[in-house]
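Right, one structure below, let's go through it.
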Amino acid sequence: MREIALHLLDIVENSVAAHSRNICIEVHENHPSDLLLAKVTDDGDGMDEKTAHQILDPFYTTRTTRKVGLGIPLLKLAAEMAGGGLSLITEAGRGTRVEASFRFTHIDRMPLGDLAVTFLTLLVSHPHIHWTFIYQVQSEDGQWSKFKFDDVETKAVLGDVPLTEPQVLRHLRTMFEEGVSAPSLQPVN
Amino acid sequence: MPAIKSLEELKRVRDDALLKRKMRAESGNIQVIVAMGTCGIAAGARDTMKSILSYIETNNLGGITVTQTGCIGMCEQEPILEVVMGENPKVVYGRVNAEVARQIMKQHVQNGQPVKDYVLPI
């Protein structure tokens, strides 16, 4: 994987496979503390302690089509190479949160990549999941900016018009591209 | 981007889509499925997906369902793409990069002719 956005696309597949109904993806760039955080929170099946420990092992997988499960171990490695790490909080029957941290300016931190395409891909290809996407930046001078997308209103407006209709795709793509490239400035508290 | 303005715009988009859908003759259900396991993503499946979505957008193709699936056990053939048209048996393609995806969208999805060079023997 060459981008953090690709890792996110990848590990979210675990949330989908775990029958999640609500999935939230958050990316925080925190420049004053030189930190990049990427989080996936779901309300899927979750895991017991033993399984949670096992999934950090590349030779563990629940899948039957091949014998290795690389998603989480690859992300963990990418985070550790950039002076960060991976944390996994999970409870059987409640859900899972995976959080990867990176030192933002670390020379081995991979680029964030195309977050807009990752969001669009997930939204259209899993229409029955309730998605929340957050991209938030705190600049060097402490100013916050944020892009948040919650699909509830969008889906309510669309009704039974599919997300993959060309006009709808154009709307969503533009919204994600604009939101991620220029998140709106947040008022100072 | 102000959320309210965006929702107003979305309502216009929806009405437009509904109108177009009424005008379109029912051509049968078309499904395009991209394999997006770790292997698929590492091999470039997101670019394949992006290419398909942008083809639909640019060519105004309505009535196509685009979904994704996980690893289907042929990691060496990734990115893998499946096309299901109406009652026809599904066609599975291998090594589908962005360019091949465009070709499949044009030749198979739009014109009903599978792109034989990339069809996997299943």
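Values quoted throughout were computed directly from the atomic coordinates according to the rules given, and no laboratory measurement underlies them. Just so we're clear, the structure is a prediction, and the values are computed from it rather than from any experiment. Counting neighbours? That spans all protein chains shown, and the Cβs are built from the backbone with ideal geometry, glycine included.
Here are the numbers for the structure shown:
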| read-out | value |
| --- | --- |
| MRE, 222 nm, helices only [DSSP H, n ≥ 4, -39500 (n - 2.57), over chain A, to nearest 500] | -10500 deg cm²/dmol |
| Chain B - Cys residues lacking any other Cys C-beta under 4.7 Å | B:71 |
| Under Karplus coefficients 6.51, -1.76 and 1.60, residue-wise ³J(HN,Hα) of segment A:85-93 in Hz, glycine/proline x | x, 10, 10, 10, 10, 8, 9, 4, x |
| Cα centroid separation, segment A:4-42 to segment A:123-172 (Å) | 14 Å |
| Under the Karplus curve 6.51 cos²θ - 1.76 cosθ + 1.60, θ = phi - 60°, whole-Hz ³J(HN,Hα) for segment A:46-52, x wherever Gly or Pro sits | x, 9, 7, 4, 5, 5, 4 |
| Sites residue B:117 and residue B:20 - FRET efficiency at Förster radius 45 Å, r taken between beta-carbons, to 0.05 | 0.85 |
| Rounded to whole Hz, the Karplus (6.51, -1.76, 1.60) HN-Hα couplings of segment A:18-26, x for glycine and proline | 8, 6, 5, 9, 10, 10, 10, 10, 10 |
| Total lysine pairs under 20 Å (Cα atoms) in chain B, excluding pairs fewer than 8 apart on one chain | 6 |
| Computed over chain A: relative contact order in percent, which uses C-alpha pairs under 8 Å that are six or more apart | 24 percent |
| Efficiency of FRET between residue A:56 and residue B:7 - r from beta-carbon atoms, R0 35 angstrom, step 0.05 | 0.25 |
